[in-house]
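**Q** Sharing a structure, written as C-alpha cells. Questions coming.
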Amino acid sequence: MSATIISGKELSGLIREKISKETEELSAQFGKRPGLAVIQVGENPASTIYVNNKKKACEQVGFQSFGYSLPESASEKELLDLIDQLNKDDRVHGILCQLPLPKHMDEFSVICAIAPEKDVDGFHPVNKGLLSIGRDCLVSCTPKGCIELLKYANVDICGKNCVVIGRSNIVGKPVASLMLHENATVTVVHSRTKNIKDICKQADILIVAIGKQGFVTRDFVKEGAVIIDVGINRCEDGKVRGDVDFDDVVDIASAITPVPGGVGPMTITMLLQNTLEAFTRIEKGRK
C-alpha cells in the first residue's frame, strides 16, 4: 500500500482562487484593496527570492503590494521608524519583516513593533498569546497551512495522538497549540527528548519540523500514520528534500505531504489569507 499524497500545490491553488473572489467583493464594499507591506533588510539571496514570491502572490490575488528595502548597514531605529510609519498607513493592512535580520538588530523588538492587527506573520506576542488560549487571532502561516492540509485530506484530528517533532516558535509550538484546539492529544518531542522513535511510533499524525534532511525513517512511523513534513532542506545535489525520508515511509504511512509541493506552497497562501482577514477586520472597524 502506498500513501495518499497530500498536495499543497493543489490546495494552495484552490484557496488563492477563493481569496481572489473575496478580494473583488470586499474591495468593492470598502473602496480599497488589501495592502501588504514587505520589508527586507540587506540582500540575503534566499530572502530576496521569498520577497519576490510574496509580491507575485499579492498581484495574483489582487492585493496592493508595498516593498521596502533597507541596506544591511541600516540601524534598528531606521527599521522601527519605517514600521511605525506603516502601522499608521491606511493603505497597509499587513506588515511583514523578512527574517533573518542583520545581527545588530534585535528580532524580538522588531516583531513587537508591528501592530498586532497588522502582524500577518502571526509572530507578535499578542497573537502568540491569543493562539495559546484559543482566541481568535492572526495565526503563524506555516502551522496554519499544516491544519488546512490535514482538513483537505479529510483527516479526522479529534481524539487522535499527534506528535510534533520540533519546538520552534515559528512552527513547533504554534502547530501544537492548533492541534490541541482541534482536540488532538499532542506530544512535542525535540533534541533533548529520550526515546523519540518510541514516542513517534504512537502517533496517528506526525508533524515534522526540525530542519534535518531525512531524519524521520520508517522506524519512527506507525502503520497508517499521517505525516506532515514541514522541512525544506536544499541538498548538495541542488534538490529540495524534507525532514522525512519520503521513499522509506511512503508504503507505511496512510497519507503524506511531499517536499517540494506540500507545506511549502501553503505558507505564502496562508500569508495572503491572513492579510485578507486583517484587511476585513481593520476596514470593518473603521466603518
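The values are calculated or read from the model by the stated rules, or taken from the named source; none is laboratory data. What you are looking at is a predicted structure, and each value in this text was computed from that prediction instead of being measured. Here the Cβ positions follow ideal geometry from the backbone for every residue, glycine too, while neighbour counts run over all protein chains shown.
**Q** Report whether or not GLY211 is surrounded by fewer than 19 Cβ atoms within 10 Å (Cβ to Cβ) and closer than 15 Å to THR4 by Cα. If you could, list the steps in order and put the result at the bottom.
**A** Numbers: surrounded by fewer than 19 Cβ atoms within 10 Å (Cβ to Cβ): yes; closer than 15 Å to THR4 by Cα: no.
So GLY211 fails the test.
**Q** Can I ask one more? Under 24 Å from CYS141 (Cα atoms) and at pLDDT 95 or above, is that true of ASP247? Step through it out loud before you land on a result.
**A** Working: under 24 Å from CYS141 (Cα atoms): no; at pLDDT 95 or above: yes.
No.
**Q** Could you list, in sequence order, the residues of segment 190-208 that are farther than 20 Å from ILE6 by Cα and of a type in the set (Gly, Ala, Ser)?
**A** SER191, the sole residue that qualifies.
**Q** Starting from residues that are of a type in the set (Val, Ile, Thr) and assigned to a loop (DSSP other than H, G, I, E, B), keep the ones in segment 212-232 and report whichever is nearest to LYS160 (Cα to Cα). Outline the logic, then answer.
**A** First pass over segment 212-232, keeping only residues of a type in the set (Val, Ile, Thr): 216-217, 221, 226-228, 230, 232.
Narrowing further to those that are assigned to a loop (DSSP other than H, G, I, E, B): 217, 221, 230, 232.
Working: THR217: 21, VAL221: 15, VAL230: 20, ILE232: 26 Å.
Checking each candidate, the answer is VAL221.
**Q** Please find, within segment 233-253, the residue that is surrounded by the fewest Cβ atoms within 10 Å (Cβ to Cβ) out of those that are touching a strand residue (DSSP E or B) at 6+ places or on another chain (Cβ under 6 Å) and in a loop (DSSP other than H, G, I, E, B).
**A** As a first pass, look at segment 233-253 and keep what is touching a strand residue (DSSP E or B) at 6+ places or on another chain (Cβ under 6 Å): 233-235, 240-244, 253.
Next, from what is left, pick out any that are in a loop (DSSP other than H, G, I, E, B): 235, 242-243, 253.
On the way: CYS235: 10, GLY242: 28, ASP243: 23, ALA253: 22.
Residue satisfying both the conditions and the ranking: CYS235.
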